[in-house]
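The values are calculated or read from the model by the stated rules, or taken from the named source; none is laboratory data. Values in this document were obtained by computation on a predicted structure and should not be read as measured data. FYI the Cβ positions are ideal-geometry reconstructions off the backbone, even for glycines, and counts take in every protein chain you see. Surface areas here come from the heavy atoms of the whole protein model, side chains and all, with no ligands, DNA or RNA. Shrake-Rupley method; radii C 1.70, N 1.55, O 1.52, S 1.80 Å.
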Amino acid sequence: MIKIAVSGKGGVGKTTVASSLVKLLARSHKNVYAVDADPDACLATAVGIPYEDVCNLKPLVEMKDLIDEKSSGGGAFFALNPNVDDILNEYSIPIGNIKFLRMGGIKQGGTACYCRENSFLHALMSSLLFDKESAVILDMGAGIEHLTRGTARSVDIMLVVVEPSRNSINTALLVEKLAEELGILTVKFIGNKVRNEKEKEFIQKHLGGNRIIGFIPFDDDIWESSMESGPTAELGGALLKSMNEIHENLLREVD
């Protein structure tokens, strides 16, 4: 099975890529987990889950009672590796053979201690990534804070989505550096919103060689759908063609 983390600067089309991969993997894999680890939480509607259902799904990090239960009762001591296997079924939204999980953000230090919440999320990530029977897509946002050195080793590929701009390139290189520091052995780039050969060459110049796994042309339908509150554009046309090629390249990388 395949475990893919998708990252990139905000607005580059990361969720479009992640949701397209979820749909393609659902055609060939028995179970696919779509995990939204991005605070913007757009992945659910992109894979076809109604917005109202997503609003009713609390981020896992905010489920205090559940976290206390899984972390030995909420006292001064807590389990560093709580048993979270049952969470994957009970607290996900199913759509066909896809299960959606909303993670919520890793909490930062301050007046309160968030050790229990962070331990819970890391245990959940480990449970997902070490599951040999399922494909997993992690929509990470620009950061990869949900991954630790332990869980990162189970990610097969870190995909970084980039558009033809200097800021996007800089973010992509930073994510690549962070991923390598965590022990992710394979980092690949996808060039998105590419309008012409000049923009393609710009991305190749900065991220060239065999590090680029595919390009996706700019699509007016996708751009227009990004301004709406409903699902993103359907997987078809140039997007489907490009994503099919990327999907096949990813499977070859894992094999």
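Data overview
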quantity: Which numbered condition M243 fails, given (1) at pLDDT 95 or above; (2) open to solvent by less than 40 Å² (accessible area, probe 1.4 Å); (3) not hydroxyl-bearing (S, T, Y); calculated: (1)
quantity: Number of the exception - A26 against (1) assigned to a helix (DSSP H, G or I); (2) open to solvent by less than 10 Å² (accessible area, probe 1.4 Å); (3) under 25 Å from S126 (Cβ atoms); calculated: (2)
quantity: Count of residues meeting criterion [surrounded by fewer than 19 Cβ atoms within 10 Å (Cβ to Cβ) and part of a strand (DSSP E or B)] in the stretch 162-193; calculated: 0
quantity: Which numbered condition S154 misses (of (1) of a type in the set (S, T, N, Q); (2) in contact with a strand residue (DSSP E or B) (Cβ under 7 Å, 6 or more places away or on another chain); (3) modelled with pLDDT of 90 or more); calculated: (3)
quantity: Residue in the stretch 144-161 that is outside any loop (DSSP other than H, G, I, E, B), open to solvent by 50 Å² or more (accessible area, probe 1.4 Å) and more than 23 Å from S28 (Cβ to Cβ) present; calculated: yes
quantity: Criterion (within 21 Å of V175 (Cβ to Cβ), at pLDDT 90 or above and in contact with a Ser or Thr (Cβ under 9 Å, 6 or more places away or on another chain)) met by exactly one of K3, K9; calculated: K3
